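One structure is given below, encoded as structure tokens.
The values are calculated or read from the model by the stated rules, or taken from the named source; none is laboratory data. Not measured: the values here are computed from a predicted model. Counting neighbours? That spans all protein chains shown, and the Cβs are built from the backbone with ideal geometry, glycine included.
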Amino acid sequence: MNKTLLISLAGGVTAVISLALVLLGNPPNMGFCTACFLRDAAGAVGFHSASPMQYLRPEIIGIIFGALFLAIGKKEFSPKGGSAPMTRFVLGMALMIGALIFLGCPLRMALRIAGGDLNAVVGLFGFALGVLGGVFFLNQGYTLKRTYDVPKTDGWLLPVISLILLVILVLAPAWLLFSSQGPGSMRAPVLAALAAGLAMGAVGFLSRLCFVAGIRDSVLFKNFSMLSAVICLIVVGIIGNLMAGGFNLGFKGQPIAHTDGLWNFLGLMLVGLCGVLLGGCPFRQLVLAGSGNSDSAITVLGMITGGALAHNFKMASSAAGVTPSGKVGFAIAFIIVILIAVYNTFGQKKVSHI
């Protein structure tokens with residue numbers, strides 16, 4: 001199959017799966033959101049105490065195993081890592097802070113646009129600017145150095161942990177925390193959510209679907225294949241929402257969203273910048289982690305930690321808008337990310353010449 005057609009199809013399939021999950025009980029305009037779902041999982045195991053955001057989402061576990069099964073089936077399961085793991089952990093935390101200021105990852109941004117949420121369009125411009133900022137550093141030589149072959153146990157640890165959590169969810173749910181109200185209480189049946197996650201993991205592995213790459217590759221390589229997937233996702237999503245009566249064009253009254261344009265813009269700008277520096281969006285990081293990349297697994301752990309910190313320190317936004325702590329958290333995270341980008345672009349060159 002033509003590569004561009006395959007990637008575009010992946011975007012359409014993602015939209016259909018996401019819409020189906022909303023109809024089955026997931027929050028509106030949030031059939032899938034890697035950032036929100038990782039945040040909910042952090043709450044389910046007690047990492048944060050925000051009761052409306054606590055549920056171990058089977059979709060996350062499904063994505064990991066969908067990617068793992070495809071990697072093994074295609075004989076591409078070859079665990080690698082060792083590329084600045086602590087830096088990736090910190091960048092994952094910063095990315096999550098930006099995502100929770102906006103209230104969604106780039107995947108949810110596209111789904112929100114498909115639902116008529118114009119706040120997400122504002123966020124899209126911020127996301128694009130962040131990606132372009134990352135491209136600037138790439139053009140100047142930014143690198144976190146190469147990866148290396150690592151023991152196979154490194155590639156298996158995240159899937160094994162995920163399997164243990166799935167067993168607990170099914171057989172011992174009392175060990176976990178569950179939201180009784182709010183987004184965490186809105187959930188599709190476990191088996192449906194797990195099946196959707198498996199499908200998304202497989203789609204992500206086969207297509208290399210990445211929302212950061214859609215803009216990055218268009219600018220760097222004049223390759224618009226990945227951008228076509230994002231466009232297809234939005235178009236199919238709009239059609240599906242219109243058919244289901246879930247399309248609501250405007251800024252106000254959007255589900256799990258706020259109308260502060262500046263912070264919608266800045267939140268996703270930070271996500272876009274971090275995504276380029278990490279080499280992929282949150283969804284892409286989860287797929288890579290499932291297929292054996294321990295650097296991406298470290299990034300996922302960073303995102304989980306960032307989600308917990310965002311709620312424990314009241315940095316996450318709500319429908320009422322951005323919190324004062326969120327603004328401070330953004331400033332700190334943005335400064336740290338810029339310092340990381342500058343050092344890994346210009347600082348290492350200086351060191352190499354000493």
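Set side by side, the residues 87, 147 differ, and just one is over 30 Å from residue 246 (Cβ atoms) and under 18 Å from the mean Cα position of the chain (by Cα), which is 87.
Looking across 124, 138, one residue alone is closer than 30 Å to residue 71 by Cα, modelled with pLDDT of 95 or more and in a helix (DSSP H, G or I). It is 138. Evaluate the following for residue 103: is it buried (at least 20 other Cβ atoms within 10 Å of the Cβ), of a type in the set (A, V, I, L, M) and more than 15 Å from the chain's Cα centre (by Cα)? Answer is no for this residue. Restricting segment 318-335 to residues that are surrounded by 22 or more Cβ atoms within 10 Å (Cβ to Cβ) and of a type in the set (Gly, Ala, Ser) leaves a set whose member that is farthest from residue 85 (Cα to Cα) is 326. Among the residues of segment 231-271, the one identified as in a helix (DSSP H, G or I), more than 23 Å from the chain's Cα centre (by Cα) and in contact (Cβ under 8 Å) with a residue 24 or more places away in the chain is 244. Within the option set 50, 42, 20, 71, being within 16 Å of the chain's Cα centre (by Cα) and aliphatic (A, V, I, L, M) holds for one residue only, 42. Tell me, yes or no, whether segment 102-121 has at least one residue that is in contact with a strand residue (DSSP E or B) (Cβ under 9 Å, 6 or more places away or on another chain), of a type in the set (A, V, I, L, M, F, W, C), part of a loop (DSSP other than H, G, I, E, B) and farther than 21 Å from residue 213 by Cβ. For segment 102-121, residues in contact with a strand residue (DSSP E or B) (Cβ under 9 Å, 6 or more places away or on another chain), of a type in the set (A, V, I, L, M, F, W, C), part of a loop (DSSP other than H, G, I, E, B) and farther than 21 Å from residue 213 by Cβ: present.
Is it fair to say residue 47 is modelled with pLDDT of 95 or more, closer than 14 Å to residue 300 by Cβ and surrounded by fewer than 22 Cβ atoms within 10 Å (Cβ to Cβ)?
Details: modelled with pLDDT of 95 or more: yes; closer than 14 Å to residue 300 by Cβ: yes; surrounded by fewer than 22 Cβ atoms within 10 Å (Cβ to Cβ): yes.
Judged against the criteria, residue 47 is a match.
Here the condition is being within 16 Å of the chain's Cα centre (by Cα) and among the charged types (D, E, K, R); of 59, 76, it holds for 59 alone.
Cβ-Cβ contacts under 7 Å between residues 6 or more apart (or on different chains), taken from a first residue in segment 103-121 that is among the acidic types (Asp, Glu) to a second residue that is part of a loop (DSSP other than H, G, I, E, B), are listed as 117/29; 117/254; 117/257.
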